[in-house]
1. Give the Kirkwood hydrodynamic radius (Å, one decimal) of the chain, defined as one over the mean of 1/r across all pairs of different Cα atoms.
2. Restricting to DSSP H runs of at least four residues, report the calculated mean residue ellipticity at 222 nm for the chain, -39500 (n - 2.57) per run over all residues, nearest 500 deg cm²/dmol.
3. If we count trypsin sites (Lys or Arg not before Pro) as exposed when they sit in a DSSP loop and have at most 10 other beta carbons within 10 Å, what is the longest stretch of the chain that avoids them all?
4. As an exercise, identify the chymotrypsin sites (Phe, Trp or Tyr not before Pro) in the range 1-44 lying in DSSP coil whose Cβ has no more than 13 other Cβ atoms within 10 Å.
5. Given an 8 Å cut-off on Cα distances and at least 6 residues of separation, report the relative contact order of the chain as a percent.
6. Taking 0.36 nm per residue of separation and subtracting the Cα-Cα distance, what length does fully extending residue 32 through residue 5 add?
7. Provide the net charge surrounding residue 2, with neighbours chosen by a C-beta distance below 14 Å and charges set as Lys +1, Arg +1, Asp -1, Glu -1.
8. To the nearest 20 debye, what is the magnitude of the charge dipole of the chain about its Cα centre, counting +1 on the Cβ of each Lys and Arg and -1 on the Cβ of each Asp and Glu?
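None of the figures in this text is laboratory data; all of them are computed from the coordinates on show. Note that the coordinates shown come from a computational prediction; the quantities given were computed from them, not determined experimentally. Here Cβ is always computed from backbone atoms with ideal geometry, including for glycine, and neighbour counts include all displayed protein chains.
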Amino acid sequence: MPRLSVLLPVRNARPWLDASLASLARQVFRDFEVVAVDDGSTDGSGERLEWHAGREPRLRVIRGAHAG
C-alpha cells in the first residue's frame, strides 16, 4: 500500500491531463498512487486517463456519470 494517495478530480480536463500526470511522475517522492476520479467528462478525459493507467501502475481511474 502506498504511503500517499493523490486525488485528482477530473471534469473535461483533457488539455491539461498529460502535463499534470507528467508532473506527478517527476516527483522525487515515489511511494504514492494517483486516484483520478472522472466526473462524466465528455472531452475524452476518461479515455486519456485509461491510456495513462495502462502505462503507469500507480494510476487508478474511477469513472462515473457527472455528479458534481
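1. Working: mean 1/r = 0.0827 Å⁻¹.
Averaging 1/r across every pair of different Cα atoms and inverting gives 12.1 Å.
2. Working: 2 runs with 21 residues, N = 68.
Mean residue ellipticity, 222 nm, calculated: -9000 deg cm²/dmol.
3. Numbers: sites that count: 3, 26, 30, 55.
For trypsin sites (Lys or Arg not before Pro) (loop position, at most 10 other Cβ atoms within 10 Å), the longest site-free span of the chain is 31-54.
4. Numbers: sites: 16, 29, 32; in loops: 29.
Qualifying residues, ordered by number: 29.
5. Numbers: 100 pairs, mean separation 25.7, N = 68.
After rounding, I find 38 percent.
6. Working: separation 27, 0.36 × 27 = 9.72 nm, distance 0.56 nm.
Once the chain is fully extended between residue 32 and residue 5, it gains 9.2 nm.
7. Details: positive: 3, 30, 58, 60; negative: 31, 33, 56.
Residues near residue 2 contribute +1 overall.
8. Values: 10 positive and 9 negative charges, 41 e Å.
The dipole of the chain has a size of about 200 debye.
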